[in-house]
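Written out below as structure tokens is the structure these notes cover.
The values are calculated or read from the model by the stated rules, or taken from the named source; none is laboratory data. A quick note: this is a predicted structure, and the numbers were derived from the prediction, not measured. We place every Cβ from the backbone using ideal geometry, glycine too, and count neighbours over all the protein chains shown.
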């Protein structure tokens, strides 16, 4: 399980790095994609499942990282976010996405930079 969790966190971190650069430089395709699929049930399910898996994986690999407490906190927050998205239901989840899309063009540089930093932190803390 530890290798699978580590692989999952590595893949997630690499995706965060790529998506961070992409959102920083070319946000419109990402926002367009989210807008097209924000009402789909699969988007809500994916948001819950990925956060849940990421949270478990971060907690699982925390002891292998340079910052185990940070990994445990991030993992716990991810699980809490997954449960919150599950509890609030699809309508409120869609409202959150709509709100995020409305502020995205104004703050895409910050969002992209934060995603990039998170990805680099996760990768560098594990290797």
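Residue 39: touching a helix residue (DSSP H, G or I) at 6+ places or on another chain (Cβ under 8 Å) and within 24 Å of residue 124 (Cβ to Cβ), yes or no? Spelling it out, it is not the case that residue 39 is touching a helix residue (DSSP H, G or I) at 6+ places or on another chain (Cβ under 8 Å) and within 24 Å of residue 124 (Cβ to Cβ).
For (1) surrounded by 13 or more Cβ atoms within 10 Å (Cβ to Cβ); (2) closer than 20 Å to residue 12 by Cβ, each residue gets a yes or a no:
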position	(1), (2)
34	yes, yes
46	no, yes
56	yes, yes
60	yes, yes
68	yes, yes
79	yes, yes
91	no, no
98	yes, no
117	yes, yes
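Of the residues examined, residue 73 is not one that is over 19 Å from residue 122 (Cβ atoms) and modelled with pLDDT of 95 or more. Please count how many residues of the stretch 84-114 are touching a residue at least 24 places away in the same chain (Cβ under 8 Å) and more than 20 Å from residue 38 (Cα to Cα). The qualifying residues number 3.
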